[in-house]
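The values are calculated or read from the model by the stated rules, or taken from the named source; none is laboratory data. As the structure is a computational prediction, the values presented were derived from the model and not from experiment. Positions of Cβ are generated from backbone atoms using ideal geometry, with glycine treated the same way; all protein chains shown enter the neighbour counts. Heads up: the accessible areas ignore ligands, DNA and RNA and are worked out on the full protein's heavy atoms, side chains in. Shrake-Rupley method; radii C 1.70, N 1.55, O 1.52, S 1.80 Å.
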Amino acid sequence: MGRKAHSIGVRISAPAGGRTHDIKVLKQSRLSPRLPRGSRMWVDRGYTALDKLCPQHEVIVPRMRPKGGTISPEDRALNHQISKVRITVENVVCKLKKFRLRRSST
């Protein structure tokens with residue numbers, strides 16, 4: 001049984017100071033215009049306005065529960081699928097941070 005091929009893109013930038021919003025860091029990096037048109041971007045809720053900022057890309061953001069309401073079973077299932085993809089990216093970022101800490105402490 002063969003394995004599926006996956007490509008993972010990770011945006012790496014210098015740490016942003018204080019309470020800098022994710023979208024602001026992305027704008028300052030000027031990365032989004034360099035991505036191929038139609039790129040799929042799996043992001044967390046810190047990027048909820050990214051689809052308006054990057055209409056040339058497919059932006060996939062977890063669905064939020066409406067104020068005072070509940071999330072539909074379909075949206076819950078979608079969020080689960082998004083989480084499965086994003087956990088791989090989060091694990092890579094964690095390993096990079098640990099590597100950088102180890103390297104700087106030697």
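Can you confirm whether HIS6 is at pLDDT below 80, touching a helix residue (DSSP H, G or I) at 6+ places or on another chain (Cβ under 9 Å) and surrounded by fewer than 10 Cβ atoms within 10 Å (Cβ to Cβ)? Criteria met by HIS6. Of all the residues in segment 30-56, those that are outside any loop (DSSP other than H, G, I, E, B) and either among the hydroxyl-bearing types (Ser, Thr, Tyr) or open to solvent by less than 50 Å² (accessible area, probe 1.4 Å) (or both) number 5. Looking across segment 57-72, just one residue is open to solvent by 40 Å² or more (accessible area, probe 1.4 Å), under 17 Å from TRP42 (Cβ atoms) and either small (Gly, Ala, Ser) or not in a loop (DSSP other than H, G, I, E, B) (or both), and that is GLU58. Evaluated against (1) surrounded by 13 or more Cβ atoms within 10 Å (Cβ to Cβ); (2) at pLDDT 85 or above; (3) in a helix (DSSP H, G or I); (4) out of contact with any Lys or Arg (no Cβ under 7 Å at 6 or more places or on another chain), ASP75 falls short on exactly one condition, (4).
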